[in-house]
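The values are calculated or read from the model by the stated rules, or taken from the named source; none is laboratory data. Predicted, not measured: the structure shown is a model, and the values here were computed from it. Ideal geometry is used to build each Cβ from the backbone, glycine not excepted, and the neighbour counts take in all protein chains shown.
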Amino acid sequence: MKAIVFQQHGAPDVLKYTDAPDPTIRPNDVLVRVKACALNHLDLWVRRGIPGVPIPLPHIPGSDVSGEIAQIGADVTTVRVGQKVVLAPLVSCGKCAACVAGLDNHCRQATNLGYMIDGGCAEFVRAPEVNCLPYPENLSFEEAASIPLVFQTAWHMLLARAELQPGEDVLILGAGSGVGSAAIQIAKFFGARVVATAGTDEKLQKAKHLGADHLINHKTQKIRDEVRRITSKRGVDVVFEHVGTATWDDSFASLAPGGRLVTCGATTGYDAKVDLRFLFSRQLSLLGSYMGTKSELHSVMRLVASGRFKPIVDRIFPLTACADAHGYLESGSQFGKVVLTV
Ligand SMILES: [Zn+2]
């Protein structure tokens, strides 16, 4: 098959469109003919190399896949050849205490398609049967591939971790990112008031169109001052963080008494300071979040199929231009998802 393969870590030019062996499936696996694969920041980290994470080389990246079932293993019973499918990105062991409790994002063996195992930037990808999600027929392949990772992550952060309540105020950083554009929709769906930040007025208008109630341009305005103004000095109940060092101080200072800061990433760096006086006296909570459960993803897909949640596709590249797509994602100029079509 043809695939995007890298032999070494580095800049986007390590990504080569070349021949790779067809994946072989085990009894509980499916082989998916990939139609679209959406990019995530994880793809950039995996390509650059992560200290202490020995990613097997050569490697095929890509976590968010839509396509058609090309082949099924001997024990597969719930999907058939030719069926359209979206894949859950997280591959877990399915057998440990966390997995049988439905907490597959706590599985110690869990990884993503395209992370420690080969992913979807290819004509074919192998995945466990249990990762097959019902295809939302109202979406194109490119739209469908834009859903799983970011919506699952945002859902788990806001609902499972921060326990968002109707009527609460949420500060969503980086509204132009895939995870930010998903978070706005989820927070509004659950009845929150949304304050969204972005670096351009054009992105802020798109955030408003998605339902954001208040907008902050973080290039021209100070986030904590605007939050104070919008909330009459109270602060927000929940801060949705994924930016890291660049926004951490403003995020922390924007919390109301009893507020929760939930984070799933650190695209600008992982160094952060916490003033313990504010942490205890305001009874704040700092929450980490990683991916989400398959059960949560099934809930997301039902709401996508009914049109309640919409994938935000910024730009589509052909698979052969994967390196250009990485460069574009790295530039940070997108609103929503960057998708490869196969
Ligand atoms: Zn497990």
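Residue check: is S92 among the small types (G, A, S) and either within 16 Å of the ligand (Cβ to nearest atom) or touching a Lys or Arg at 6+ places or on another chain (Cβ under 9 Å) (or both)? It is true that S92 is among the small types (G, A, S) and either within 16 Å of the ligand (Cβ to nearest atom) or touching a Lys or Arg at 6+ places or on another chain (Cβ under 9 Å) (or both).
Of the helices (runs of 4 or more DSSP H) entirely within the stretch 246-342, those holding at least 3 residues that are closer than 28 Å to C37 by Cβ occupy 294-305, 322-331. If you go through the stretch 63-105 and pick out every residue that is touching a residue at least 40 places away in the same chain (Cβ under 8 Å), surrounded by fewer than 21 Cβ atoms within 10 Å (Cβ to Cβ) and among the acidic types (D, E), you end up with 1. Tell me, please, whether a residue that is within 16 Å of the ligand (Cβ to nearest atom) and buried (at least 22 other Cβ atoms within 10 Å of the Cβ) can be found in the stretch 144-154. No, every residue in the stretch 144-154 fails to be within 16 Å of the ligand (Cβ to nearest atom) and buried (at least 22 other Cβ atoms within 10 Å of the Cβ).
Which one of A144, A154, A183, A207 is at pLDDT 95 or above, aliphatic (A, V, I, L, M), more than 29 Å from G102 (Cβ to Cβ) and outside any strand (DSSP E or B)?
The unique qualifying residue is A207.
Restricting attention to the stretch 109-119, the residues being more than 17 Å from S289 (Cβ to Cβ), part of a loop (DSSP other than H, G, I, E, B) and within 15 Å of the ligand (Cβ to nearest atom) number 2. Every listed requirement among (1) without any contact (Cβ under 8 Å) to a residue 60 or more places away in the chain; (2) under 30 Å from L15 (Cα atoms); (3) not charged (D, E, K, R) is met by F252 save one, (2).
Apart from one condition, V170 fits all of (1) within 27 Å of V238 (Cα to Cα); (2) over 18 Å from the mean Cα position of the chain (by Cα); (3) within 16 Å of the ligand (Cβ to nearest atom); (4) not in a loop (DSSP other than H, G, I, E, B); the exception is (3). So which pairs qualify, if the first residue must be in the stretch 106-126 and farther than 21 Å from K16 by Cβ and free of Cβ contacts under 8 Å to residues at least 60 places away in the same chain, the second must be among the small types (G, A, S) and within 11 Å of the ligand (Cβ to nearest atom), the Cβ gap must be under 7 Å, and the two must be at least 6 apart or on different chains? Cβ pairs passing all conditions: H106/A98; C107/S92; C107/A98; Q109/S92. Mind checking whether some residue in the stretch 77-89 is at pLDDT 95 or above, assigned to a loop (DSSP other than H, G, I, E, B) and within 16 Å of the ligand (Cβ to nearest atom)? Yes: one or more hits.
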